[in-house]
Amino acid sequence: MPPEAIALLVFFIGLAIVVGAVVAYAVGPRRPAVAILPILAAFGALYVVGHRLGLSVGPQANLFGFEVSIVWDVVVAIVAAVVVAVLQRAVLQRRTQTA
């Protein structure tokens, strides 16, 4: 894999970590382990939309030699992380109420 592709992958991994952690903190509960699923959801969404499906909406920017629709990618990552975080919070609240 060329260095440019590795740099883009590392960038999107970092983006997924930041988006997932911020969303997990905002949605709650605020424990470090709770951020894992939103981070994975954000990265999975970036992988599926950007790499597998090749969907791109809006303006594109040149990032590490690749044309990337960064605004679209960030929105998709945020939406995926929010959905998973809300579902995760609902499951955790339901478990604590029944226990």
Study note, to complete from the structure: Label model pair Leu9, Ala26: point-to-point distance (7 angstrom along the Cα→beta-carbon line) in nm is 2.9 nm
Check your understanding: How large is log10 I(q)/I(0) at q = 0.12 Å⁻¹ when the Debye formula is applied to the Cα atoms of the range 3-75, each weighted equally and without solvent?
Key -> -0.34
Check your understanding: For Met1 and Ile36 in the same chain, what is the full-extension length gain: residue separation times 0.36 nm, less their Cα-Cα distance, in nm?
Key -> 9.9 nm
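Sum -39500 (n - 2.57) across every DSSP H segment of at least 4 residues in the chain, then divide by the residue count to get the 222 nm mean residue ellipticity, nearest 500.
On the way: 3 runs with 65 residues, N = 99.
Mean residue ellipticity at 222 nm (helix-derived): -23000 deg cm²/dmol.
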Review point. In sequence order, what are the phi-derived ³J(HN,Hα) couplings for the range 27-36 according to the Karplus relation 6.51 cos²θ - 1.76 cosθ + 1.60 with θ = phi - 60°, rounded to whole Hz, with x for glycine and proline?
Key: 7, x, x, 8, 10, x, 5, 6, 6, 4
Practice item. Could you line up Val23, Val76 from fewest to most neighbouring Cβ atoms inside 10 Å? Key: Val76, Val23
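Here, each number is a calculation from the coordinates, and none is a lab measurement. For clarity, every value in this text was computed on a predicted model and none was experimentally measured. So basically every Cβ, Gly included, is an ideal-geometry build from the backbone, and we count neighbours across all protein chains shown.
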